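Okay, so here's the structure we're looking at.
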Amino acid sequence: LREAYDRLKSQVERRIAVEDKLRYDATHDTLTGLPNRNYILLQLEDCVKRHQRNEEYHFAVLFMDIDNFKMINDSLGHQVGDDLLIEVGHRLTATLRSLDTVVRAGSDITARLGGDEFIVLLDGLKNITDAAVVADRLQEQIAEPFIIGDHRLATTLSIGIAVDQEGRFSAEELIRDADTAMYRAKSLGKDRYAIFDHEMHEEVAQRMKIENELRHAIDQNQFELVYQPIIELTSSEICGFEALLRWTLSDGSLISPDKFIPIAEETGTIVSIGRWILENACRQIKQWNDQIKDRAPLFISVNLSKRQVVEHTLPQDIEQILEQTGVTGDQLKLEITESLIMEQPEAIVDALFKIKLLGIELYMDDFGTGHSSLSCLHGFPIDVLKIDQSFIANMDENRDFASVVHAIIMLAQNIGVRVTAEGIENHDQLTQLMAMDCDYGQGFLFAKPLPAMKAWDLIQSQGEWRLSA
């Protein structure tokens, strides 16, 4: 009888353990061990009901996304990415515990929704404005570098905040609104927080429209490339063009690249769009070079996005496009922003050197707007610096800007790097740049971005066309 009792007891204990494990797994994230979406929804529903019974009770939802996580994950591998997610979860939990007595009377929960998204429920806030205090502290702690294996990783958080306000009656609405506010924080430059307001709903609707149309834009021939000439300043001749993307929606409205490019980056559609740009720009420069006579071939310059650069297949994709279009490497220039080079040096340097082996020159775009120095260029195979147009625009009225431009040109020449000045709009700017021995220029003084046919007309007029300073 005793043995039978012990067997039955053991079976019951095992069954209870299995049921406990199933319940735990249903409400917790397997990677980080943090509560998951199911758990946070249950807790949020309780908070909503408590607030409805007692208006003095306050709570808030913080929706967090790790900035540039996909770039880290893709370039360093999923194991590094998983380890970073675990460490972020630990750091969020530890930071919240340290703030308990500062802003809260109740308990708090850190949860992982999936991917690189985390959520924090601030329960029993002493003051609703203290949600911003918590967001600030969380961002400070996550900004401290993480040591993952042999890698020292720096990252930041974009945070959306939704607080208990009249009109919210469900946990899903709170999470949706906090998510909306997080996207606002992303759009403002990342590494910051935004508090939800009802005006954000219209922005979300517009964003969803853009996301949906982006998926079909290539198939529906909504994209067009325009071409802005790049001038060799010593000869005043057109030496190439920069290819720029324009998008017209199905209703005929134009969408600014400033609006749709960031969304394409975040959703990943920028990879297919970027390939479309490369293919069509190469076909166009091939056509022009086959038609022009008695002069050196023109080149085409194309901007690479962040997502494209960290794609492991980028060098092979570019080589394939060159072969398919018949364009030689010296006729294609690729532009990468200064901020991308400085944000992800380890992730992209190998790809840059592989691209250089194809005979392609690399341009550092928007130079002067980030935090790089000319000395860092020794570590990257950069051929041309493009001085940001904000420096050129201010040269006339502020001598300091002219001095900075001159210094950049001199130092670049000393290390064997050429310089393009962007945004040249008048003859005074051109005269100064030519006196500084700047190599190339582009801007409205020469021409605005032109459709292919008008760009060809400009090329044909080049035989006798000269721009006098």
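Every read-out reported here was derived from the displayed coordinates using simple, explicitly stated rules and does not represent laboratory data. Model, not experiment: these values are computed from the prediction. Every residue, glycine among them, receives a Cβ derived from its backbone with ideal geometry; neighbour counts consider all protein chains shown.
Under the convention that each Lys and Arg Cβ holds +1 and each Asp and Glu Cβ holds -1, the size of the dipole of the chain around its Cα centre is about 880 debye.
The length gained on full extension between Thr30 and Gln206, counted as 0.36 nm times the residue separation minus their Cα-Cα distance, comes to 59.9 nm.
In the chain, helices alone account for a calculated mean residue ellipticity at 222 nm of -15500 deg cm²/dmol, with every DSSP H run of four or more residues adding -39,500 (n - 2.57). With θ taken as phi - 60° and the Karplus curve 6.51 cos²θ - 1.76 cosθ + 1.60 applied, the whole-hertz 3J(HN,Hα) list for segment 294-304 is 6, 6, 5, x, 7, 10, 10, 10, 10, 7, 9 Hz, x standing for glycine and proline. Pop out the ³J(HN,Hα) list for segment 381-391 in order, Karplus 6.51 cos²θ - 1.76 cosθ + 1.60 with θ = phi - 60°, rounded to Hz; leave Gly and Pro as x. For segment 381-391, the Karplus-derived couplings read x, 8, 9, 9, 9, 9, 6, 4, 5, 4, 6 Hz, x marking Gly and Pro.
Restricting the chymotrypsin sites (Phe, Trp or Tyr not before Pro) of segment 387-469 to loop positions (DSSP other than H, G, I, E, B) with no more than 16 neighbouring Cβ atoms within 10 Å leaves Phe444, Trp465.
In this simple spin-label model, placing a label point 7 Å from the Cα along the Cα-to-Cβ direction at both Val404 and Asn127 gives a separation of 3.9 nm. List residues of segment 274-290, by number, whose backbone nitrogen lies under 18 Å from a label position 7 Å along Cα→C-beta of Gln460. Counting backbone N atoms under 18 Å from the label point, the list is 284-290.
Across segment 57-71, computed HN-Hα scalar couplings (Karplus, 6.51 cos²θ - 1.76 cosθ + 1.60, θ = phi - 60°) run 7, 10, 8, 8, 10, 10, 9, 10, 10, 7, 5, 6, 5, 4, 5 Hz from first to last residue, x flagging Gly and Pro. Prolate is the label for segment 33-101, because a/c, from the alpha-carbon gyration tensor with a ≥ b ≥ c as root eigenvalues, is 1.5 or above and a/b exceeds b/c. Label-to-label distance, Glu56 versus Glu224, with points set 7 angstrom from Cα along the beta-carbon direction: 6.5 nm. Our estimate of slack between Asp350 and Arg215, defined as 0.36 nm per intervening residue step minus the Cα-Cα distance, is 45.6 nm.
With the Cα gyration tensor of the chain giving a ≥ b ≥ c as the square roots of its eigenvalues, does the rule (a/c under 1.5 for rounded; else a/b larger than b/c for prolate; else oblate) give rounded, prolate or oblate? Here the chain falls in the prolate category.
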